[in-house]
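The structure appears right after this line, and notes come after that.
The values are calculated or read from the model by the stated rules, or taken from the named source; none is laboratory data. Keep in mind the model is a prediction, meaning the values are calculated, not measured. Note that we place each Cβ from the backbone using ideal geometry, even for glycine, and neighbour counts take in every protein chain shown.
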């Protein structure tokens, strides 16, 4: 027992010693004139600077990079330059937090040397393939180019897409509020977006089997939301694939066509657009009679919805024969 306690104390002392060495090394490094330290503790030194640019990686955007990762004693842990092949990474998915932070500050053409404290790298555990506990990592990181921006409905970068949607929505609301109209329509729908048609077809089959069991619309919606959270690459996956309510012409033509023609509560797809392959579940449609500032919604009753679902299933069964 005494030997075990002594061994544990020795281990604690070694960890403390390693941490103190790291702190001293980082303080000395930060004192160099060419080194910039971020609030998080990450330090960097510019090796090569790209022309001034507003292009910065988003956390979910692909980045083609070259890097060499080493320890403070010069031991090289990994190097794409030695292999001669740059790699594509996504900031939110890289294993080192300090790497992700610095990468999102760079522009294509930048090459920086990063000094990443262990707390923003592999911490007190290190790795099984060569990085010791409490190790500061030195990255020679070059951002070569950015991949396509993350998927948005308008095809614009995320910030512009959000601004466009807000402004466009406000204009529509103000128009109908002050001018009125003879009528308009709204639909509520959810979708699952995947890159491969085979995956889309597999998910469709799973949902079709569930629908064939004569389960309620609520049960089908719940399963659809569950699969969206697991498989969909669209940001709406966090809300179970729900896109909320929208009017005609707000989406890609093929997507829009399904939203306005599909039976309510019956999963449609695969539907291909420029973003990938979709499964679409229409959950509600409303027709509005608008006069001046008075809006009257015409919503199908539960009985009408149930009848629509039954008719769709009968139609599907006849096609299968």
Residue match in segment 160-179 (condition: modelled with pLDDT under 90, assigned by the TED database to the domain that holds residue 248, closer than 27 Å to residue 248 by Cα and touching a strand residue (DSSP E or B) at 6+ places or on another chain (Cβ under 7 Å)): no
Scan of segment 67-95 for residues that are surrounded by 15 or more Cβ atoms within 10 Å (Cβ to Cβ) and out of contact with any helix residue (DSSP H, G or I) (no Cβ under 7 Å at 6 or more places or on another chain), ordered by number: 69, 70, 71, 77, 78, 80, 89, 90
Test: residue in segment 241-248 that is more than 19 Å from residue 199 (Cα to Cα), touching a strand residue (DSSP E or B) at 6+ places or on another chain (Cβ under 9 Å) and not in a strand (DSSP E or B): yes
Segment 220-232 residues that are under 13 Å from residue 208 (Cα atoms), paired with ones that are at pLDDT 90 or above and surrounded by fewer than 20 Cβ atoms within 10 Å (Cβ to Cβ) (beta carbon under 8 Å, 6 or more apart): 224/240
Number of the exception - residue 51 against (1) out of contact with any strand residue (DSSP E or B) (no Cβ under 6 Å at 6 or more places or on another chain); (2) assigned by the TED database to the domain that holds residue 103; (3) assigned to a helix (DSSP H, G or I): (3)
Answer from 130, 109 - the residue that is over 20 Å from residue 56 (Cα atoms), surrounded by fewer than 16 Cβ atoms within 10 Å (Cβ to Cβ) and in contact with a strand residue (DSSP E or B) (Cβ under 8 Å, 6 or more places away or on another chain): 130
